[in-house]
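Colleague: Okay, here's the structure, questions in a sec.
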Amino acid sequence: MICRGNSPIPIPISDMAQGIPSWLNIDFTERILRLAEDDSTVQVIDIFTKPATAKGDNYTSDMIRVTVEFTRNQGVKKGVNEKKSLIFKFEPIEGGTRQELIQKIQIFDTEISMMTVTLKKMSDMLGTRLCARVYHVRMERPLCLIMEDLAVEGFRMADRQAGLDLTHSMIAIKGLARLHAASVALCEKEPKHKGMYRKGFFSDEYPEEMFQFITYAGQGLIAAMEGWEDVDKSYAEKLKKLVPHIYSKGITITKRRDDDFNVINHGDCWVNNMLFRYDENSKPIEHIFVDFQLSLYGSPSIDLHYFFNTSLNEDVYDNHMDDLYEEYLRVLSATMKQLGCKTQPITIEELHRVLRRMGLCALVASMTVLPLILVDKGDVKDIQELMDKDCMTAHPGFTNAAYRKIMSKRLVKFDEMGLLEP
């Protein structure tokens, strides 16, 4: 039970998770809802909170679903009862290594800029939304984005462990192409957006912990490979020499080249950072991205490598990559033409050239993100555990049977591409 303002009358509120800030109360929620609905008659009766994601679905933030019970006047009707669901996305609320790291790398600042400025303008250009609607941003620590709850409209995550089938992959690649095309149009009109997103997954501005995470992941893969009898032992030896330098190589290859075709990349383009809406036959009919904390202006191959090497099921990865490339380029070109872009879209030949040049992104995604996706749900670790060397190098995702099967094949391909050379 809490009280509204100075009123002595207690107002019921549901049990909240430990650590939820005291300001997340009825008064604050009422102010936000009045602004969002542009309705001063809104009066919040109660709010109910629960976690919005499960462990392993989200690593860098705390997501809370807040169901709001409220009344408002509708014409001659007074005090009509309604409910609304909101998502409160926080920087880590509890103090500790996780909170310190996220605040140091400032990825929430990136997401706030993307969702309140850049994506809003891109969505207006397209005439369709590219992300959830933002109701409010609280800039005091912990930073908090307050957004619409897309689950209310039927959006949900796909199964991360199963990977995306061809139908899901096609609708996702179309969404990625539209995102990239709209970013080209926006950057032509407002070039300042090119300089707003410069970090991504690799950056010399990040603290040492980011370098350590990738190093520990590499060491975890190497340790797991000792038990892989059917894998060439030379791969592990090459990785031992490569891993200490892999982060600096990542910084080098992802640096923007102005003579390349560039877009604003989502930057963290994997299955859990996109939602799908389905028809009555469980067929995906709409796709939307979430989580824009690692957005980066640079080659579209960053997003393509990340997506292909983390999120596709085995059949799509082995047999339909060319189909996905063709669909990406078709939608990219059509959308850029629709938006009147002066920039010429990248050709298939140019795309394959830059994909080869930036192939290290495929290796890093397979080495760092894929084991976290395929790990059994009971073995999921949080980001604070992943920053610990002993925990990360012994992460059960590396010994997962599905991961071993996939990486046994990919290591052959990566070696043929020269990606395992230090």
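Colleague: Do you know which residues across region 145-179 are hydrophobic (A, V, I, L, M, F, W, C), over 30 Å from Gly397 (Cα atoms) and open to solvent by 10 Å² or more (accessible area, probe 1.4 Å)? Reasoning before the result, please.
Modeller: Within region 145-179, the subset hydrophobic (A, V, I, L, M, F, W, C) is 145-147, 150-152, 155, 157-158, 162, 164, 166, 170-173, 176-177, 179.
Still in the list and also over 30 Å from Gly397 (Cα atoms): 145-147, 152, 177, 179.
Passing the criteria: Met147, Val152.
Colleague: For region 333-422, give me every one of the helices (runs of 4 or more DSSP H) that falls completely inside it and has 1 or more residues that are of a type outside the set (A, V, I, L, M) and within 20 Å of Asn313 (Cα to Cα). Walk me through how you get there before you give the answer.
Modeller: Working: elements: 348-357, 360-368, 370-374, 383-386, 389-393, 401-416.
In region 333-422, 360-368, 370-374, 401-416 are the helices (runs of 4 or more DSSP H) which contain 1 or more residues that are of a type outside the set (A, V, I, L, M) and within 20 Å of Asn313 (Cα to Cα).
Colleague: Considering only region 180-193, I want to know if a residue exists there that is of a type outside the set (Gly, Ala, Ser), surrounded by 15 or more Cβ atoms within 10 Å (Cβ to Cβ), closer than 30 Å to Ser408 by Cβ and touching a residue at least 40 places away in the same chain (Cβ under 8 Å).
Modeller: Checking region 180-193: not a single residue is of a type outside the set (Gly, Ala, Ser), surrounded by 15 or more Cβ atoms within 10 Å (Cβ to Cβ), closer than 30 Å to Ser408 by Cβ and touching a residue at least 40 places away in the same chain (Cβ under 8 Å).
Colleague: Do you know which residues across region 261-290 are open to solvent by 30 Å² or more (accessible area, probe 1.4 Å) and either modelled with pLDDT under 95 or assigned to a loop (DSSP other than H, G, I, E, B) (or both)?
Modeller: Hits for region 261-290 are Asp279, Glu280, Asn281, Ser282, Lys283, Val290.
Colleague: Assuming Tyr306 fulfils every condition listed in (1) under 14 Å from the mean Cα position of the chain (by Cα); (2) open to solvent by less than 10 Å² (accessible area, probe 1.4 Å) apart from one, which condition is it?
Modeller: If we test Tyr306 against (1) under 14 Å from the mean Cα position of the chain (by Cα); (2) open to solvent by less than 10 Å² (accessible area, probe 1.4 Å), just (2) comes out false.
Colleague: Going by the structure shown, is Thr71 in contact (Cβ under 8 Å) with a residue 60 or more places away in the chain and open to solvent by 20 Å² or more (accessible area, probe 1.4 Å)? I'd like the intermediate steps shown before the answer.
Modeller: On the way: in contact (Cβ under 8 Å) with a residue 60 or more places away in the chain: no; open to solvent by 20 Å² or more (accessible area, probe 1.4 Å): yes.
Criteria not met by Thr71.
Colleague: Still on this structure, I have one more. Taking Ile251 as the residue in question, decide whether it is farther than 24 Å from Gly154 by Cα and either in contact (Cβ under 8 Å) with a residue 60 or more places away in the chain or of a type in the set (Gly, Ala, Ser) (or both). If you could, list the steps in order and put the result at the bottom.
Modeller: Values: farther than 24 Å from Gly154 by Cα: yes; either in contact (Cβ under 8 Å) with a residue 60 or more places away in the chain or of a type in the set (Gly, Ala, Ser) (or both): no.
Judged against the criteria, Ile251 is not a match.
Colleague: In addition: Of all the helices (runs of 4 or more DSSP H) wholly in region 23-132, which have at least 2 residues that are more than 19 Å from the chain's Cα centre (by Cα)?
Modeller: Working: elements: 26-37, 97-105, 107-113, 119-126.
Helices (runs of 4 or more DSSP H) meeting the threshold: 26-37, 97-105, 119-126.
The values are calculated or read from the model by the stated rules, or taken from the named source; none is laboratory data. On a predicted model such as this, the values are computed, not experimentally measured, just so you know. Quick reminder, even Gly has a Cβ in these numbers, built from the backbone with ideal geometry, and neighbours come from all protein chains shown. Each accessible area value is taken on the protein alone, full model and side chains, heavy atoms only, with ligands, DNA and RNA left out. Shrake-Rupley method; radii C 1.70, N 1.55, O 1.52, S 1.80 Å.
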